[in-house]
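The values are calculated or read from the model by the stated rules, or taken from the named source; none is laboratory data. Computed from a predicted model, the values in this text were never measured in an experiment. Using ideal geometry, Cβ is built from the backbone for each residue, glycine included, and neighbour counts are taken over all protein chains shown.
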Amino acid sequence: MSDPCPEGGEVIVGDAAEVLPRLAAGTFRCCVTSPPYWGLRDYGHPEQIGAEEDVEQYLKRLTAVFREVRRVLRSDGTLWINLGDSYTSGNRRWRDSDKKNPARAMSYRPPTPRGLKPKDLIGIPWRLALALQADGWYLRSDIIWHKPNCQPESVKDRPTRAHEYLFLLSKAEGYLYRHDAIREMTNGRGRLRNRRTVWSINTEAFHGAHFATFPPGLVELCVLAGSDSGDTVLDPFFGSGTVGQVCLGLRRKFVGIELKEEYVRLAEQRLWRKRVAAH
Ligand SMILES: C[S@@+](CC[C@H](N)C(=O)[O-])C[C@H]1O[C@@H](n2cnc3c(N)ncnc32)[C@H](O)[C@@H]1O
C-alpha cells in the first residue's frame, strides 16, 4: 500500500524486505537510514526487525534488506547507516521497564550471543558493517556521531556512552560524495576544511508517538554529501519520517518504507505540516 505524501515524496507501508524487491533497479541516489537496533524496542509487529533471538539472524535479515537497497541504488549511489550498540545480558532474560516509555522497550533481553560473556559490548554496528562489506558493499568510512547531550548512565565500571556509529558505504569504487557541501570550520581560524569523522550533534526528542528518531542535523549532512537537488533519497526504516522532512527542506525527493501504519500516519502529518509551512 502506497500513501500519497507531499510533492516529491512517497511513503510505502510494509516490510522493507517485501517492498524493496518491487522497486525498480537504479532508482535512488542515496539511502539514509537507521534500522531498528537489536533487542531494544518492541515495535509490536510480527515482521519487525530487531526482535530476533539470535544476533546472527538479525544481521542476516538486515544484510538481505541492504542487498535489495544496493540493487535500487544508482551505480554511483551511497548508503548511510546509523546503528546503536548494546551489551550482553548475561543470564537475565527480562529488562527493567523504561521509565520514560514503559510500553515501548522490549520486555525481554535476547540471549547472550555465542562466544560472548556477560557484560560484553556486542559490537553490533561493526558486525553489520563487516557483513555488508563481505556482501559486496564498499565500506568507505565509519563516522562517530558524538552526542554532547547523551543520556546519563549509572555505571561505575566504564565511561558513559556518548556516541553512535554512522557508516558510509558505496555500491562501487567511484560514487557521488559532495565533500564541498559539508565542509566544516577549522578551530578558531574561520576557514573551511574537509569534514572530519567526528560529528557532534545533539539528540532531539520528537514530540509525536514515535521514538528513537534521527536528529535532522545528522540526516542533513548525509543527504547533502550523498545527493544533489532533485535526486531521490530512500529510507527503508522511515519511522516518523525525519529523512523525508530533511529532503523536503533540501529539495530532494524521497521514498520511505515503514512497517507500522501508525508511524506512517505520524510521518505524513509531520511532512504535511512542513509543506504548509514552506508555502
Ligand atoms: C530506529 S526506527 C527509525 C526512526 C527514523 N529514523 C526516524 O527518524 O523517525 C526504525 C523503524 O523501523 C521500523 N521497522 C521495523 N522492522 C521493519 C521492517 N521489517 N520493514 C520496515 N520497517 C521496519 C520500525 O517500525 C521503526 O519505525
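Here are the numbers for the structure shown:
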| item | result |
| --- | --- |
| The range 161-212, subset under 16 Å from L83 (Cα atoms) and among the aromatic types (F, W, Y), residue surrounded by the most Cβ atoms within 10 Å (Cβ to Cβ) | F167 |
| Residue among V19, V65 that is within 12 Å of the ligand (Cβ to nearest atom), under 14 Å from the mean Cα position of the chain (by Cα) and outside any loop (DSSP other than H, G, I, E, B) | V65 |
| Selected residue [of a type in the set (A, V, I, L, M, F, W, C), away from the ligand (no atom under 16 Å from the Cβ) and either out of contact with any strand residue (DSSP E or B) (no Cβ under 6 Å at 6 or more places or on another chain) or in contact (Cβ under 8 Å) with a residue 12 or more places away in the chain (or both)] from W145, W137 | W137 |
| In the range 236-260, the residues that are basic (K, R) and within 15 Å of C222 (Cα to Cα) | R251, R252, K253 |
| Selection status of I81, within 14 Å of the ligand (Cβ to nearest atom) and either in a strand (DSSP E or B) or of a type in the set (S, T, Y) (or both) | yes |
| Tally, over the range 192-202, of residues that are touching a helix residue (DSSP H, G or I) at 6+ places or on another chain (Cβ under 9 Å) and part of a loop (DSSP other than H, G, I, E, B) | 4 |
| Any pair with Cβ under 7 angstrom, 6 or more apart, that starts in the range 241-260 at a residue that is of a type in the set (A, V, I, L, M) and ends at one that is more than 10 Å from the ligand (Cβ to nearest atom) and not in a helix (DSSP H, G or I) | V243/V233; V243/F254; L248/P6; L248/G9; V255/E10; V255/T232; V255/L234 |
| Test: residue in the range 132-140 that is touching a Pro at 6+ places or on another chain (Cβ under 6 Å), surrounded by 15 or more Cβ atoms within 10 Å (Cβ to Cβ) and at pLDDT 95 or above | no |
| Every residue from the range 216-267 that is more than 13 Å from the ligand (Cβ to nearest atom), surrounded by fewer than 24 Cβ atoms within 10 Å (Cβ to Cβ) and not in a loop (DSSP other than H, G, I, E, B) | L221, L224, A225, T232, L248, G249, K253 |
| From R71, R92, residue being at pLDDT 95 or above and either within 16 Å of G39 (Cβ to Cβ) or charged (D, E, K, R) (or both) | R71 |
| Leading residue by the ranking (surrounded by the fewest Cβ atoms within 10 Å (Cβ to Cβ)) among those in the range 42-57 that are in contact (Cβ under 8 Å) with a residue 60 or more places away in the chain and more than 7 Å from the ligand (Cβ to nearest atom) | G44 |
| Filtered residue count, the range 33-55, keeping only those that are more than 15 Å from A129 (Cβ to Cβ) and not in a loop (DSSP other than H, G, I, E, B) | 1 |
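Here is a yes/no grid of residues against (1) within 28 Å of S75 (Cα to Cα); (2) in contact with a Gly (Cβ under 6 Å, 6 or more places away or on another chain); (3) part of a loop (DSSP other than H, G, I, E, B):
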position	(1), (2), (3)
W126	yes, no, no
W145	yes, no, no
D157	no, no, yes
G190	no, no, yes
F214	yes, no, yes
